[in-house]
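The values are calculated or read from the model by the stated rules, or taken from the named source; none is laboratory data. What you are looking at is a predicted structure, and each value in this text was computed from that prediction instead of being measured. Positions of Cβ are backbone-derived with ideal geometry, glycine not excepted, and every protein chain shown enters the neighbour counts.
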Amino acid sequence: MTENDHDHEHARVLKTEHPVGIVGYGAYVPRYRLPAREVARIWTDGTGGLPIEEKSVPGLDEDVATMSIEAARNALARAQINPRELRAVWVGSESHPYAVKPTSTIVAEAIGAVPSTQAADWEFACKAGTEAMVAAMGFVGSQMARYALAIGMDTAQGRPGDALEYTAGAGGAAFIIGPGEESLAEIESSYSFVTDTPDFWRRQYAKYPEHGQRFTGEPAYFKHITSAGEAMFEATNTKPEDYAYAVFHQPNTKFPQRAGQMLGFKPEQIETGLLVPRIGNTYSGAAIIGLTAILDIAEPGERIMMVSFGSGAGSDAMVLRVTDKIVGKPQLATTTEEYIARRTEIDYAEYVRMRGKLTMK
Amino acid sequence: MTKVVIAGIGQTPVNEQWEVSLRELGLQAMEAAMQDAGGLRPTALYVGNMLAGTLSRQAHLGALLADFAGLTGIEAATIEAAGASAAMALRVGTLAVASGMVDAAMVLGVEKLSDQVPAQVESALAMGSDTDYEAEQGLTLTAQAAMLAQRYMHEYKIPEHGLGGFPLTAHANGVHNPNAMFRKAVKPETYAKAGMVSAPLNMFDVAPNADGAAALLLTREDLLPSGFPHPLVEIAGSSAVTDTLALHDRPDPLTFNAARLSVERACAQAGILPKDVDLFELFDAFSIYSVLSMEAAGFSLKGEGWKLAQNGAISLTGEMPIATLGGLKARGFPGGATGAYQAVEAVLQLRGQAGGAQVKDAKIALVQSLGGPASTAVTHVLRVA
C-alpha cells in the first residue's frame with residue numbers, strides 16, 4: 001500500500017454528523033447444547049481435535065424470527081423507550097426462515113414497532129448484523145430517526161459430518177441505536193474492509209453452506225479482520241492498550257484468539273467476549289453477542305473494539321466508549337452469561353430431531 | 001555425452017500462495033533463473049506439471065508460460081510423469097541440449113494445488129496411480145503409502161515411530177531454507193503425539209501439499225555468458241525408469257525397482273558409484289518412500305533403511321545427507337513441480353550457496369523424483385564441473 005492509499009483509507013472511516021450510540025441491547029441464546037464430542041462420536045469415532053466445547057441449538061419452535069423477538073425485547077427493556085419510536089427494524093441473518101418474506105416485519109409487529117417504520121432483512125454471511133448497525137448509525141446520525149433497531153441472529157447450518165457441524169450454533173443480539181447523549185455506549189466510528197473473496201457460500205435452494213476449507217483462514221478471516229482493525233487503530237490514533245475489551249467474529253476458539261494476538265491484544269482483553277467455546281459460532285450474532293457480554297460488565301469510560309467478519313468477504317470494525325448510562329442497565333434484562341448458564345445438554349439424536357436433519361436421500 | 005551445465009536457477013517460496021496464479025508462479029521462477037544465468041535467454045521451455053488441467057482447468061502450459069514470460073515463439077511443452085513431472089522435464093531438457101538441437105532449455109516445475117479444496121487435490125493426485133484398479137477403488141496415494149509402511153513395519157519388525165527419523169531430519173534441515181513451507185525443527189515427542197493421517201503414517205509422515213515453481217536454465221558450457229558468476233554445475237548423469245503403474249502388479253511391493261535401476265544407470269553414466277555422492281535429494285512424499293528409496297539406492301540392506309535415521313547417517317553432517325533443504329516434508333510438496341525444487345536445492349549445495357544447510361565440500365549430488373510408489377523414477381547426478 002502506498003502512502004496515498006493510506007490517506008485514502010483513512011478518509012473512509014465512518015463518523016456520524018451527530019453522536020450516536022447504543023441505547024439498549026439484548027442477547028438471546030437457545031437453551032439446548034450439543035457438545036462437540038457428540039459430533040466427534042458420530043463422525044470420527046471420537047478422534048481428532050474439537051474446535052469448541054459445545055454449541056447452542058434452537059428448540060423445535062425456535063427460528064431467527066422468534067429469537068430476534070427475544071433479543072429485541074431485552075434491548076427494549078434496557079433502552080426503556082416506546083417501540084413506536086423505532087424508525088427501523090433491521091434483521092441481519094443467513095438463516096432467515098423465508099427466502100422471500102421479511103423476518104423484520106414479524107419482529108417489528110411482535111414488539112409493537114409497526115406501522116411507521118423501515119423494515120428489511122440483511123444478508124452478508126456473518127456480518128449482516130454489524131452491517132445493520134452501521135446503517136442504523138447513519139439513520140440516527142443524520143437525525144432522520146431517533147432510534148433504529150439492528151439485530152444479528154442466526155440458526156446456523158452445518159452439513160452433517162462437516163467441520164462446520166461442530167460449531168454452527170444459534171443465537172445473536174439486538175441493539176437499539178440512538179442519540180449519543182442517551183447512549184450507554186457511544187459508537188465513535190466504524191470502518192469496513194470489503195473484498196470479493198469466496199471463502200464460504202450457500203447457493204439458492206442449498207440446505208447447507210460450502211466452504212474453501214483452509215482458504216477461509218489467512219486470505220479471508222485473518223486478512224479482513226486484521227486489515228479492518230489496523231485501519232481503525234490508525235484512523236482513531238489508538239493502540240491495543242487503549243481498549244479495555246476487544247471482540248471479534250468467532251467461528252471457532254482459535255481464530256479470534258489468533259486475530260487478537262495479531263492485532264496486539266492480550267488474552268484478558270478478549271476473553272469476556274469470547275463466547276464461541278460455550279455457545280458455538282452464532283454467525284451474524286457472533287461478534288455482537290460477544291459485545292453484549294462485555295456491556296454486561298463494562299464500566300463507564302472503557303473503550304471497546306469490535307470487528308466482525310462476514311464471508312464473501314468483509315469486516316466491520318467499530319470503536320465504542322462506554323458511558324455513565326451503563327450503570328444499572330445490564331440488570332434490566334437477562335444477561336448474556338445467564339443465557340449461557342441456562343443449559344440443557346442434548347445428544348446427537350435429539351439434535352438431529354430438533355434441526356430436522358432426518359431425511360431420506 | 002556433450003556436457004550440459006546448469007546456468008541458472010530460480011524458485012518461489014513453497015506454501016499456499018492464494019494470491020498468486022499458476023502463470024505468475026511460473027514467471028517468477030523463470031525470471032529468477034534467467035537473472036541467475038546472467039541474462040541467458042532460453043530457446044526452449046519444458047514445463048513439469050501434473051495437475052493444472054484438473055485443478056486449474058488449464059492445459060497447454062507451454063504456450064501459456066512461454067508467452068507470459070515474454071518468450072513467445074520458442075519451443076515449449078508440458079512433460080507429465082505424476083510426482084516426477086519436473087524431474088522428467090529436466091531429463092528432456094538435458095536430452096535437448098545434449099543433442100545440440102536446443103541451445104538453452106528452461107526447465108520449469110510449476111504446480112498450483114491450493115485452487116481446490118484438499119479432498120479434490122487428494123483425488124486429483126490419485127490420478128497418478130492406476131485409475132481403474134486403484135484410484136477408482138478408493139485408494140489414494142496416501143492410503144497406499146500407509147499400507148506399504150504397515151507391510152514394511154510388519155515384515156521387518158520395526159518399532160512404533162521407527163520411521164520418524166526421516167521427517168525429523170527433514171524438518172531440522174528446513175529451518176535453514178528461506179523458501180521452505182515449515183521452518184521449525186520437530187521434537188521426537190511431538191512426532192510421537194501427532195494425529196494419524198492413515199495408520200501408521202501420522203501428520204509428520206506425509207508431505208504437505210503446496211504451491212510452488214522452480215526453474216533451471218540448461219545450456220552447453222561454450223554458450224555461457226562471459227563472466228558467468230557461479231561455480232559451474234553439470235548434469236553428469238540422467239536416467240528415467242518405469243515400473244508397473246499399479247503397486248499390486250509387483251512381485252515385491254517393498255522394493256522400489258525403478259528407483260534402484262535409475263540410480264544405477266545415472267551413476268554409471270556419471271562414472272561414479274552411489275556411495276561417491278555427497279548428498280541425496282530423495283523423494284520423501286511419505287516417510288516410507290524415504291526408507292525404500294535409501295534401500296533402492298543401495299545405502300542399506302533391505303529392511304534396514306529405517307535404521308539410517310536412528311544414527312545420524314542422514315543428517316547434514318552424516319555419511320549420506322538427505323532432504324538437505326527440508327525435502328518434500330518441510331520445504332513442502334508442490335506436486336509435479338517437486339523435481340525442479342530438488343534439483344535447484346542440489347545446485348545450491350554444489351555451488352556452496354546452501355547457507356546454514358550447507359553440506360561441507362559437496363561436489364556430487366544424487367537427485368531422485370518418484371511418480372507414485374516409484375512407478376516412475378527419474379534420477380540425476382549433478383556434479384561440480
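Kindly establish whether A:Pro58 is crowded, with 20+ Cβ neighbours inside 10 Å and either of a type in the set (Gly, Ala, Ser) or out of contact with any strand residue (DSSP E or B) (no Cβ under 7 Å at 6 or more places or on another chain) (or both). Criteria not met by A:Pro58. One residue stands out in segment A:281-304 among those that are touching an Asp or Glu at 6+ places or on another chain (Cβ under 8 Å) and more than 15 Å from A:Ala173 (Cβ to Cβ): the one that is surrounded by the most Cβ atoms within 10 Å (Cβ to Cβ), namely A:Arg303. Candidates in segment B:130-143 are the residues that are over 9 Å from B:Ser198 (Cβ atoms) and touching a residue at least 24 places away in the same chain (Cβ under 8 Å); of these, the one that is surrounded by the most Cβ atoms within 10 Å (Cβ to Cβ) is B:Leu141.
Criterion applied to A:Ala79, A:Ala135, A:Ala148, A:Ala110 was being under 17 Å from A:Asp316 (Cα atoms) and aliphatic (A, V, I, L, M), and the one residue passing it is A:Ala135. One residue stands out in segment B:307-329 among those that are among the β-branched types (Val, Ile, Thr) and within 22 Å of B:Pro13 (Cα to Cα): the one that is surrounded by the fewest Cβ atoms within 10 Å (Cβ to Cβ), namely B:Ile322. Restricting B:Arg57, B:Arg41 to residues that are in contact (Cβ under 8 Å) with a residue 60 or more places away in the chain and not assigned by TED's automatic domain parsing to the domain that holds B:His248 narrows the list to B:Arg41.
With respect to the conditions (1) in contact with an Asp or Glu (Cβ under 9 Å, 6 or more places away or on another chain); (2) charged (D, E, K, R); (3) within 14 Å of chain A (Cβ to nearest Cβ), B:Lys3 falls short on a single one, namely (3). Within segment B:171-200, residues that are more than 14 Å from chain A (Cβ to nearest Cβ) sit with their Cβ atoms under 7 Å from residues that are polar (S, T, N, Q) and not in a loop (DSSP other than H, G, I, E, B), at 6+ positions apart or across chains, in these pairs: B:Asn179/B:Gln11; B:Pro200/B:Gln150.
In the set (1) surrounded by 19 or more Cβ atoms within 10 Å (Cβ to Cβ); (2) over 11 Å from A:Val89 (Cβ atoms); (3) out of contact with any helix residue (DSSP H, G or I) (no Cβ under 8 Å at 6 or more places or on another chain), the condition left unmet by A:Ala132 is number (2).
Modelled with pLDDT of 95 or more and charged (D, E, K, R): is that true of A:Arg33 in this structure? Reasoning before the result, please.
Details: modelled with pLDDT of 95 or more: yes; charged (D, E, K, R): yes.
Taking the combined requirement at face value, the residue satisfies it.
Does at least one position in segment B:150-167 carry a residue that is within 14 Å of chain A (Cβ to nearest Cβ) and among the charged types (D, E, K, R)? No: segment B:150-167 contains no residue that is within 14 Å of chain A (Cβ to nearest Cβ) and among the charged types (D, E, K, R). What are the residue pairs meeting all of these: first residue in segment A:275-286, first residue not assigned by TED's automatic domain parsing to the domain that holds A:Ala170, second residue buried (at least 24 other Cβ atoms within 10 Å of the Cβ) and among the basic types (Lys, Arg), Cβ atoms under 6 Å, and 6 or more apart or on different chains? Once the first residue is not assigned by TED's automatic domain parsing to the domain that holds A:Ala170 and sits in segment A:275-286, its partners that are buried (at least 24 other Cβ atoms within 10 Å of the Cβ) and among the basic types (Lys, Arg) give A:Gly280/A:Lys55.
Within segment B:330-385, which residues are under 19 Å from B:Pro13 (Cβ atoms) and among the β-branched types (Val, Ile, Thr)? Residues satisfying the conditions are B:Thr338, B:Val344, B:Val347. Close contacts from segment B:249-260, counting a first residue that is closer than 14 Å to B:Ile288 by Cβ and a second that is part of a loop (DSSP other than H, G, I, E, B), with Cβ to Cβ under 8 Å and a gap of 6+ residues or different chains, come to B:Pro253/B:Pro373; B:Leu254/B:Lys302; B:Thr255/B:Lys302; B:Phe256/B:Asp243; B:Phe256/B:Pro373; B:Phe256/B:Ala374; B:Ala259/B:Ala297; B:Ala259/B:Ala374. Looking at B:Leu45, is it within 14 Å of chain A (Cβ to nearest Cβ), in contact with a Gly (Cβ under 7 Å, 6 or more places away or on another chain) and of a type outside the set (D, E, K, R)? No, not satisfied.
Any residue in segment A:258-270 that is among the small types (Gly, Ala, Ser), assigned to a helix (DSSP H, G or I) and in contact (Cβ under 8 Å) with a residue 12 or more places away in the chain? Walk me through it before giving the result.
First, the residues of segment A:258-270 that are among the small types (Gly, Ala, Ser): A:259-260, A:264.
Of the ones still in play, those that are also assigned to a helix (DSSP H, G or I) are A:259-260.
Next, from what is left, pick out any that are in contact (Cβ under 8 Å) with a residue 12 or more places away in the chain: A:259-260.
Checked segment A:258-270: at least one residue is among the small types (Gly, Ala, Ser), assigned to a helix (DSSP H, G or I) and in contact (Cβ under 8 Å) with a residue 12 or more places away in the chain.
The residues of segment B:11-25 that are of a type in the set (Asp, Glu), closer than 16 Å to B:Leu55 by Cβ and within 14 Å of another protein chain (Cβ to nearest Cβ) amount to a single one, B:Glu16. Quick check: anything in segment B:91-111 within 14 Å of chain A (Cβ to nearest Cβ) and either within 21 Å of the chain's Cα centre (by Cα) or at pLDDT below 95 (or both)? No, segment B:91-111 contains no residue that is within 14 Å of chain A (Cβ to nearest Cβ) and either within 21 Å of the chain's Cα centre (by Cα) or at pLDDT below 95 (or both). Within the option set B:Asp67, B:Asp36, being of a type in the set (D, E, K, R) and surrounded by 21 or more Cβ atoms within 10 Å (Cβ to Cβ) holds for one residue only, B:Asp36. The criterion of at least 3 residues that are buried (at least 21 other Cβ atoms within 10 Å of the Cβ) is met by the following strands (runs of 3 or more DSSP E) wholly inside segment B:155-248: B:212-220, B:233-242.
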